[in-house]
Amino acid sequence: MLDAPERMSRVDTAWLRMDNDVNLMMIVGVWLLTPAVTLATVRERIADKLLKYARFRQKAVVDALGAHWVADDHFDISKHVLATKLKPRKGESQRHALQRLCGELATTPLDHARPLWQFQLVEHYEGGSALVARIHHCIGDGIALISVMMSITDGGADPPKRRKKAPVEDSGDHDWLSDAVLKPLSELAVKAYALYGDGVAKSVDMLAHPRQPLLGSVDMAKSGLKVLGDVAALALMSDDSPTLLKGKPAGRKVVAWSEPMPLDHVKTVGKALGCSINDVLLACVAGAIGRYLQQQGQDPEGKEIRAMVPVNLRPLDKAWQLGNHFGLAPLVLPIGIANPVQRVYAVRRRMDELKGSYQPLLAYAILSVTGLFIKPVQDLVLGMFAKKTTAVMTNVPGPAHPLKFCGATLRQNMFWVPASGDVGMGVSILSYGGGVQFGLITDQALCPSPQAIIDLFEPEFEKLLFLALMLPWAGQPHA
C-alpha cells in the first residue's frame, strides 16, 4: 500500500525552490570502490536498503501552498541507479575524467517527475569502480544524508520503524520550530525586555514568530543590536572582500579533491598549537585560497572572505528522519594572513566568537520564512545573503575505519555541497578511515581550476607541521 501524501516542511520547500540557472540544490558525492562492483549488485543493495526510507520512493509535487511528498506510482529503479562510462579526452587520466563527469552531473537537473535522487556507476575505474550520487537538498541535509549513505554499506542499520504515522498535513515544522527556534528566541526576548525595554524585545519576538508582519523590522533589528549583536549581525553583516572567486557564475561546475592526509598529523599540529583539528584545517583552507589568489596576480593581504558553515540543530539519533534541520553560521576566513600560525589563531578566535551564537537559529528561521514566500521573493531574500558570501563550507567527521559496500572496500569518498544564489564555491573537508581530505566545487567562470587550490592545501599544512615540530613539548627542556 502506497503512503498517503505528506505536506513538505517550509524549510524543505525553500530548498526545493532554490534551484536557479547557475546553482542546483544537489548534494553530489563520489565513492571509490575496490574491487569493482556490478550494476545489478548495486541496484539490489539500493532496493533493499535505501528504499526503506519512504522519501526515496516519493516525488516532490509543488502546489499553490508549497509542496507535498507523493508516492511515485511508477517508480523504476533503473531510472535512479544506472551505469555510465568515462570518456577520457586525449591525454586525460581516469581521475580527471571522473572529476569532469562529477562537474557535469552537478549542473544537470534531476527529473522532477520522479524522486529527486540518482546514482551513476562507473563499473571500471582505477582497478575498481566509482559510484557518483546526486540527491536533492530538499530530501535532507548533510547529516541526514550521511546517515542514509552509511545505512547502505555492508552491515548498515535500517531506519527505525515509526511508532505512529504523522497526520497527512503535519510536516513536523511546528514542533521543530517551537523547540529549536521559538523557545530560545522567546527566552532571549524576555531578557532583552528586562535590559532595554519593549523595542528590543519586539525585535527578538519578530524573529521568533516569522508569520508576523515584518514592518519596521530593520529599525527593530538596529535597536536590538546592543544585546542581540550575534543575531542582528547575520542580517546586517557587510559584504566580504571582493576577490576573483566572487562574481557572476556561469553555471558550469568544476570539481577537485585531494588525496587523504593522515588525521594523526593534524591532531599533532592542533595539540602543539592548542587549537582544534577544525581550526588547523580551516587555516590551511584559508592559506591555500590566499596563495592561489596571489598566484593569479591578486594580492590577498588584508583580505577576508566569508564562508557559510552548516550547524546541525537536531539530535544525531534523529538524522534518519531526513529533512533539513540545520542553521548557517558565517565564518570569516583570514586569507590575507601569510603567517600560518597567526592564521590558525585568527581562525580559532573567529570560531570562538561563533560558539553560543543564535545566528544558526536565525538562519533556520529565515529559511522557514522563505518557504512561505513566492519564489521571486524567496530568491530576493536569499540573494541578499549570497552577496555577502564567497563560499559554502562543510566539515564532516566520517567513520574512523574503512567501510565495505557490496563486498568492495570503500577506499575513498568525497562530496560537495550546493551553493545558493550567485555563490560560486563549495568547500568540503571530510575525515574517513584515518585520513582527512579537502574537496572543492567551483564555477568555471570564477575558478576554472579548483585543483590549483587543492594542490596548495597540503603545502600549507606542511608549513604548520614543520613549525609544530619545532615547538618545545611538555617535559622537553627549552633550548
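Quick note: the coordinates plus some simple rules give every number you see, no bench work behind them. On a predicted model such as this, the values are computed, not experimentally measured, just so you know. Using ideal geometry, Cβ is built from the backbone for each residue, glycine included, and neighbour counts are taken over all protein chains shown.
With +1 on the Cβ of every Lys and Arg and -1 on the Cβ of every Asp and Glu, and nothing else charged, how large is the dipole of the stretch 4-153 about its Cα centre, in debye rounded to the nearest 20? Write out the running numbers ahead of the final one.
Details: 19 positive and 16 negative charges, 55 e Å.
Roughly 260 debye for the stretch 4-153.
Can you put Y292, Y345 in order, fewest other beta carbons within 10 Å first?
Details: Y292 24, Y345 17.
Lowest to highest Cβ neighbour count: Y345, Y292.
Trypsin sites (Lys or Arg not before Pro) within the stretch 238-297: which are DSSP loop residues with at most 15 other Cβ atoms inside 10 Å? It would help to have the intermediate numbers written out before the result.
Values: sites: K246, R252, K253, K267, K271, R291; in loops: K246, R252.
Within the stretch 238-297, the qualifying trypsin sites (Lys or Arg not before Pro) (loop, at most 15 other Cβ atoms within 10 Å) are R252.
Where Lys and Arg each count +1 and Asp and Glu each count -1, what net charge lies around P249 among other residues with Cβ under 11 Å from its Cβ?
Values: positive: K246, K248, R252, K253; negative: D21, D422, D443.
Counting the neighbours of P249, the net charge comes to +1.
Based on Cα positions only, what radius of gyration and what Dmax would you give for the stretch 46-118, in angstroms?
In Å, with Rg to one decimal and Dmax whole: 16.1, 52.
Between V311 and H401, how many nm apart are label points set 7 Å from Cα along the C-beta direction?
3.5 nm
Test of understanding: ordering V11, V280, V70 by Cβ neighbours within 10 Å, fewest first, what list do you get?
Working: V11 26, V280 29, V70 17.
In increasing order of surrounding Cβ atoms, one gets V70, V11, V280.
Could you give the nm distance between label points at E104 and L51, where each point is 7 Å from its Cα heading toward the beta carbon?
About 2.8 nm separates the two model spin labels.
Test of the criteria: in the stretch 45-138, which GluC sites (Glu not before Pro) are in a DSSP loop and have at most 14 other Cβ atoms within 10 angstrom of their Cβ?
Working: sites: E92, E104, E123, E126; in loops: E92, E126.
Loop-located and lightly packed - E92.
Multiplying the sequence separation of A71 and D299 by 0.36 nm and subtracting their Cα-Cα distance, what value in nm do you get? Before the final figure, lay out the partial values.
Working: separation 228, 0.36 × 228 = 82.08 nm, distance 5.35 nm.
The span from A71 to D299 would gain 76.7 nm if fully extended.
If each residue's Cβ is checked for other Cβ atoms within 10 Å, how do K463, K85 rank with the fewest at the top? If you can, show how the numbers build up before the last one.
Details: K463 17, K85 11.
So the residues, fewest neighbours to most, are K85, K463.
What whole-number distance in Å separates the alpha-carbon centres of the stretch 80-116 and the stretch 395-439?
Answer, in whole Å: 17.
Which log10 I(q)/I(0) values does the stretch 293-344 give at q = 0.20, 0.22, 0.25, 0.29 Å⁻¹ under the Debye formula, counting every alpha carbon as one identical point scatterer?
Reported log10 I(q)/I(0), two decimals: -0.75, -0.82, -0.95, -1.10.
May I ask you to derive the relative contact order of the stretch 1-93, considering only C-alpha pairs under 8 Å and at least 6 residues apart, and to give it as an integer percent? Intermediate results must be reported in sequence, preceding the final value.
Working: 60 pairs, mean separation 34.5, N = 93.
Normalised by residue count, the contact order of the stretch 1-93 is 37 percent.
When a/c reaches 1.5 or more, the comparison of a/b and b/c decides; with that in mind, is the stretch 17-76 rounded, prolate or oblate per its Cα gyration tensor?
Details: a/c = 3.41, a/b = 1.50, b/c = 2.27.
It comes out oblate by the Cα gyration axes.
In debye, nearest 20, what is the charge dipole magnitude of the stretch 90-130 about its Cα centre with +1 on Lys and Arg Cβ and -1 on Asp and Glu Cβ, if you could check?
With Lys and Arg at +1 and Asp and Glu at -1, about 80 debye.
Taking a 32 Å limit on the Cα-Cα distance, which of the listed pairs K59/K161; K90/K267; K87/K161; K59/K404; K79/K387; K49/K85 fall beyond it?
As for pairs spanning more than 32 Å Cα to Cα, those are K90/K267; K87/K161; K79/K387.
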